[in-house]
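*Asks:* Here it is: the structure, laid out below.
Every number in this text was worked out from the coordinates using simple rules, so none of it is lab data. Predicted model only: the values in this text are computed from it and were never measured. When we count neighbours, we look across all protein chains shown, and the Cβ atoms used for this are built from the backbone with ideal geometry, even at glycine.
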Amino acid sequence: MQRILLVEDNEMNRDLISRRLKRRGFEVSIAVDGAEGVEKATADLPDLIVMDMGLPVLDGYQATGMLKGADSTKHIPIIGLSAHAMSGDARKALAAGCDDYDTKPVEWPRMLGKIDTLLTRAKEEAALGQDEAAASTAATADPNAAHLLVVDDSAMHRQMLSDRLSTLGYTFKLVADAESALQTLEQRSFDALLLDVTLPFVEGQPLLERLRSDTRYQELPVIMLSTIDAVSDAIACLSRGASDFIAQPFRAEVLATRLEVCLERSRANRRLLALEEELNAEKRRSEHLLGTLLPASIVAELRETRKVVPRRCPEVALLFCDVAGFRKVSDSLDPEDSIRRLQRLIVAFEDVVTRHRVEQVKTVGDSFMGAVGLFENVESTTAALAAVQCGLEMIDVASGIEASWPLRIGVHQGSVVAGVVGHRKCQFDLWGDAVQTTARVKSSGPPGGVYVSETIWRQIAGQSQGQRLGEVKLKGDDTVMVYRVTRVESDAVF
């Protein structure tokens with residue numbers, strides 16, 4: 001015996017409707033408000049619900065929405081009842097999720113016809129749903145076939161599509177509503193979506209619009225399925241992002257052709273996107289490589305002009321640094337251990353020079369070269385202070401990383417020529433007497449100190465502590481007076 005839940009708050013209407021339904025052979029249960037109706041429907045799972053729309057506690061619209069939104073009860077047909085005959089009432093009831101609508105007083109031949117139709121459809125859909133589940137499972141056999149998601153609330157249409165898609169060799173998943181479609185899309189990817197144009201709205205938005213607003217599904221081909229009288233709606237969907245539409249009934253070869261066009265277009269787009277991503281990745285690798293070989297300002301110039309113009313840079317503060325005894329210590333270590341220690345040191349130096357706005361020019365082995373005022377106008381004393389402060393901090397940082405590797409640091413200021421040399425292996429470098437002088441200043445004292453030329457000392461003496469070491473011989477007969485700086489009492493401000 002088929003069971004009907006009657007949700008009605010008026011006692012006279014309950015008695016009249018329940019007696020007529022029982023005489024037709026139905027088992028009838030009663031609920032007197034919307035909340036009780038939801039509770040009884042969830043517990044008893046009747047075959048059909050007759051729902052008065054003007055109920056207390058929860059009205060019929062709210063109760064219907066809750067039942068249609070729950071997985072356990074969304075399949076139960078609901079006929080909405082109202083004492084009003086306004087055209088808007090029927091539309092409102094259907095929008096809430098009712099499968100059909102009627103007015104009171106009830107015209108019983110019409111009402112019983114609707115009940116029979118909905119019960120028959122529900123029985124057919126339940127049977128077809130079992131076939132669909134088997135079809136969807138069986139359809140996953142070929143991993144190379146295009147995988148489709150079919151969304152249609154008509155069980156008859158889903159069965160027809162299942163037969164034709166199986167014949168055409170596609171794998172597919174069949175669902176009956178938009179929420180199930182969204183949940184399925186979250187679980188796995190699909191090559192295309194076949195979407196019924198008359199599918200009810202989800203949370204006030206069509207499923208197509210929700211998909212196109214989500215970046216994950218913007219490229220997913222969506223083919224709208226429509227009946228002949230809904231072709232205008234399908235065409236309208238093209239402006240919302242649909243890939244194509246097919247009017248039912250349609251031949252299998254038409255479906256196959258339209259599907260393949262969309263799928264090939266999608267494959268081509270994916271190939272283009274993959275190629276674009278590959279090119280972007282290569283560009284990022286190239287830019288990273290340039291950044292490791294050349295200073296940032298030179299990389300920017302190269303991007304903008306496609307060349308690097310050699311330039312003379314006056315009054316550049318140069319910093320040279322190396323590890324005293326590095327070769328002897330590294331020869332006693334495994335290569336991996338030696339490189340690991342040197343890597344920690346150089347990475348720490350990169351952080352220090354960045355804080356002091358010293359441009360890292362190059363690193364060769366354990367030797368580190370930086371400059372201040374190379375690419376920007378910096379006041380001479382400010383540049384000198386920044387380079388010396390950087391050297392002092394490098395010594396502090398190095399002592400905490402490798403105590404057995406004391407540093408020797410030299411700072412000098414003068415004019416240099418800067419440019420890029422090489423074709424297969426480009427290298428940015430500096431040339432001039434100032435470069436050679438800085439190298440000699442660096443080697444003028446014992447490890448663990450920052451040594452500066454007299455050119456530097458004259459500018460920072462009033463803001464620093466240190467002592468004179470003496471003259472150091474340069475090339476030819478030239479000499480340079482060298483000082484050891486132990487402390488700088490003023491910060492360089494750019």
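*Asks:* Give me the number: length gained by fully extending M12 to T215, i.e. 0.36 nm times residue separation minus the C-alpha to C-alpha distance, one decimal in nm.
*Replies:* 67.6 nm
*Asks:* Would you indicate which of (1) 1.75; (2) 1.03; (3) 1.25 is the value of Cα Rg over 2.2 N^0.38 Å derived from the coordinates of this structure?
*Replies:* For Cα Rg over 2.2 N^0.38 Å, the calculated option is (1).
*Asks:* Sticking with this structure for a sec: Count neighbours as other Cβ atoms within 10 Å of each site's Cβ, and list the trypsin sites (Lys or Arg not before Pro) in region 17-80 that are DSSP loop with at most 16 such neighbours.
*Replies:* Those that pass, being in a loop and sparsely packed, are R24, K74.
*Asks:* Would you calculate the separation in nanometres between label points at W431 and D116, each defined as 7 Å from the Cα along the Cα-to-beta-carbon direction?
*Replies:* 10.3
*Asks:* Using θ = phi - 60° and the Karplus relation 6.51 cos²θ - 1.76 cosθ + 1.60, list the HN-Hα couplings for region 422-429 in order, rounded to whole Hz, with x at every Gly or Pro.
*Replies:* For region 422-429, the Karplus-derived couplings read x, 10, 7, 10, 6, 9, 8, 8 Hz, x marking Gly and Pro.
*Asks:* Does a label point 7 Å from the Cα of R270, set along Cα-to-beta-carbon, have any residues of region 148-192 with amide nitrogen under 14 Å, and which are they?
*Replies:* 148-149, 171, 188-192
*Asks:* Can you return the lysines within cross-link range of K425? Criterion is Cα-Cα under 27 Å, with same-chain partners fewer than 8 residues away left out.
*Replies:* Answer for K425, where 27 Å is the Cα cut-off: K283, K307, K362, listed by chain and number.
*Asks:* May I ask you to order 474-485, 411-422 by the average number of other C-beta atoms within 10 Å around their residues, highest value first?
*Replies:* Put in order of decreasing packing, that is 411-422, 474-485.
*Asks:* Continuing with this model, one more query. For a quick protection proxy, order the peptides 330-341, 55-66 by their average other-Cβ count within 10 Å, most packed first.
*Replies:* 55-66, 330-341
*Asks:* For the pairs K92/K173; K40/K104; K40/K123, note any where the Cα-Cα span goes beyond 26 Å.
*Replies:* Violating the 26 Å Cα-Cα cut-off are K92/K173.
*Asks:* Per residue of region 27-44, what does 6.51 cos²θ - 1.76 cosθ + 1.60 with θ = phi - 60° give for ³J(HN,Hα)? Whole Hz please, x for Gly and Pro, Karplus curve as stated.
*Replies:* Working through the residues one at a time gives 8, 10, 10, 10, 9, 9, 8, x, 5, 5, x, 5, 5, 6, 5, 5, 7, 9 Hz.
*Asks:* Once amide H atoms are built 1.01 Å from N in the peptide plane, which residues 5 or more positions from Y101, or in another chain, come under 5 Å H to H?
*Replies:* G80
*Asks:* Of the DSSP beta bridges with both residues in the chain, give the percent that are antiparallel, rounding to the nearest 5.
*Replies:* Antiparallel bridges: around 50 percent, rounded to the nearest 5.
*Asks:* Can I ask one more? Could you work out how much longer the chain between S286 and E260 gets when fully extended? Use 0.36 nm per residue separation minus the Cα distance between them, nm to one decimal.
*Replies:* Roughly 5.5 nm would be gained on extension.
*Asks:* Could you state the number of Å between the C-alpha centres of region 7-84 and region 368-406?
*Replies:* Result: 82 Å between the Cα centres.
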